[in-house]
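Below is one structure, written out as structure tokens, with a few remarks after it.
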Amino acid sequence: DAGVTQSPTHLIKTRGQQVTLRCSPKSGHDTVSWYQQALGQGPQFIFQYYEEEERQRGNFPDRFSGHQFPNYSSELNVNALLLGDSALYLCASSFGSSGETQYFGPGTRLLVL
Amino acid sequence: AQSVTQLDSQVPVFEEAPVELRCNYSSSVSVYLFWYVQYPNQGLQLLLKYLSGSTLVESINGFEAEFNKSQTSFHLRKPSVHISDTAEYFCAVSDLPNSGYALNFGKGTSLLVTP
């Protein structure tokens with residue numbers, strides 16, 4: 001049973017560029033949430049996708065956007081990258097109707113120079 | 001929005017000693033509570049959770065946590081730690097379904113187990 005997978009594992013970008021991160025949920029899960037974890041901090045909720053729509057959003061600017069595909073996989077897009085966007089980006093999946101438990105992927109480490 | 005306070009940023013402990021990692025949350029309404037563990041350069045692994053029922057929950061590797069509604073706490077304990085327990089531990093809380101179960105995390109407690 002495959003767990004949550006994310007790609008790429010590492011990424012280096014420069015300020016002003018755009019980046020796309022990808023996530024495949026755990027088998028049987030239909031809900032994907034994205035979190036940002038800055039160095040030495042706990043993860044912060046970015047947004048959640050269910051039935052291909054954004055269901056919930058945290059306190060992040062519109063530069064952060066996402067998408068969910070019919071196969072439940074998801075993308076996180078960040079435009080106009082800032083140095084402060086450097087972080088570990090975590091994807092978590094759950095089952096929509098009883099989605100109280102989220103399972104996390106290994107993360108994508110983004111470095112913005 | 002919920003907030004979570006992990007009272008200790010670092011906890012050093014000797015192998016085979018007991019340990020308690022403290023967690024308090026802000027709300028008195030019904031919540032779900034979680035502990036996640038993060039090993040270096042890895043994602044988060046679910047350690048244990050409280051959703052309802054018995055206030056004492058246990059994990060398969062000897063950790064336990066007790067939900068205390070009156071003190072709004074969910075402290076994590078283990079009677080005897082191993083070197084392999086060295087990791088970052090995060091307490092998290094989520095509101096009920098109308099929030100989509102978005103998790104609010106504490107800043108983490110770094111557990112360092114030494115021989």
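Here each label is just a point 7 Å from Cα along the line to Cβ, and for A:SER65 and B:GLN45 those points are 3.8 nm apart. Overall dimensions of segment A:5-106, expressed as equivalent-ellipsoid semi-axes from the Cα gyration tensor (√(5λ), whole Å, largest first), are 22, 14, 13. Summing Cβ point charges (Lys, Arg +1; Asp, Glu -1) relative to the Cα centre of the protein assembly as shown gives a dipole of roughly 500 debye. Residues of segment A:41-69 that bury at least 10 Å² of accessible area when the other protein chains are present, relative to the chain alone (probe 1.4 Å, heavy atoms, ligands and nucleic acids excluded): A:GLN41, A:GLY42, A:PRO43, A:PHE45, A:GLN48, A:ARG55, A:GLN56.
Calculated FRET efficiency, B:ASP8 to B:VAL29, Cβ-Cβ distance, R0 = 25 Å: about 0.45 to the nearest 0.05.
Annotation for the B:A interface, with buried accessible surface near 1600 Å², both sides summed [1.4 Å probe; non-protein components not counted]. Taking the protein heavy atoms of segment A:37-82 in the context of the full set of protein chains, the accessible area attributed to carbon and sulfur is 46 percent at 1.4 Å.
Roughly how many percent of the accessible protein surface of segment B:4-114 is carbon and sulfur, given a 1.4 Å probe and a whole-percent answer? Roughly 49 percent of what the probe reaches on segment B:4-114 is carbon or sulfur.
Estimated from the Cβ-Cβ distance and a Förster radius of 30 angstrom, the FRET efficiency linking A:PHE95 and A:ARG57 is about 0.90. Kirkwood radius, segment B:4-114, all distinct C-alpha pairs, inverse of mean reciprocal distance: 14.1 Å. Structural descriptor for chain B: relative contact order 37 percent, calculated from alpha carbon pairs under 8 angstrom and at least 6 residues apart.
Counting alpha carbon pairs within less than 8 Å and at least 6 residues apart, what relative contact order, in whole percent, applies to chain A? Across chain A, relative contact order equals 36 percent. For the protein assembly as shown, the C-alpha radius of gyration sits at 1.01 times the compact-globule guess of 2.2 N^0.38 Å, with N the residue count.
The trypsin sites (Lys or Arg not before Pro) of segment B:30-89 that meet both conditions, a loop assignment by DSSP and at most 13 other Cβ atoms within 10 Å of the site Cβ, are B:LYS69.
Structure remark: mean-square fluctuation, Gaussian network model of chain A, C-alpha springs under 10 Å; the largest value among A:GLU53, A:GLU100, A:GLU75 belongs to A:GLU100. Note that the protein assembly as shown presents 48 Å² accessible area per residue, ligands and nucleic acids not counted, probe 1.4 Å.
The values are calculated or read from the model by the stated rules, or taken from the named source; none is laboratory data. Just so it is clear, the structure is predicted and the values come from calculations on it, not from any experiment. Positions of Cβ are backbone-derived with ideal geometry, glycine not excepted, and every protein chain shown enters the neighbour counts. Accessible surface areas use protein heavy atoms only, side chains included; no ligands, DNA or RNA. Shrake-Rupley method; radii C 1.70, N 1.55, O 1.52, S 1.80 Å.
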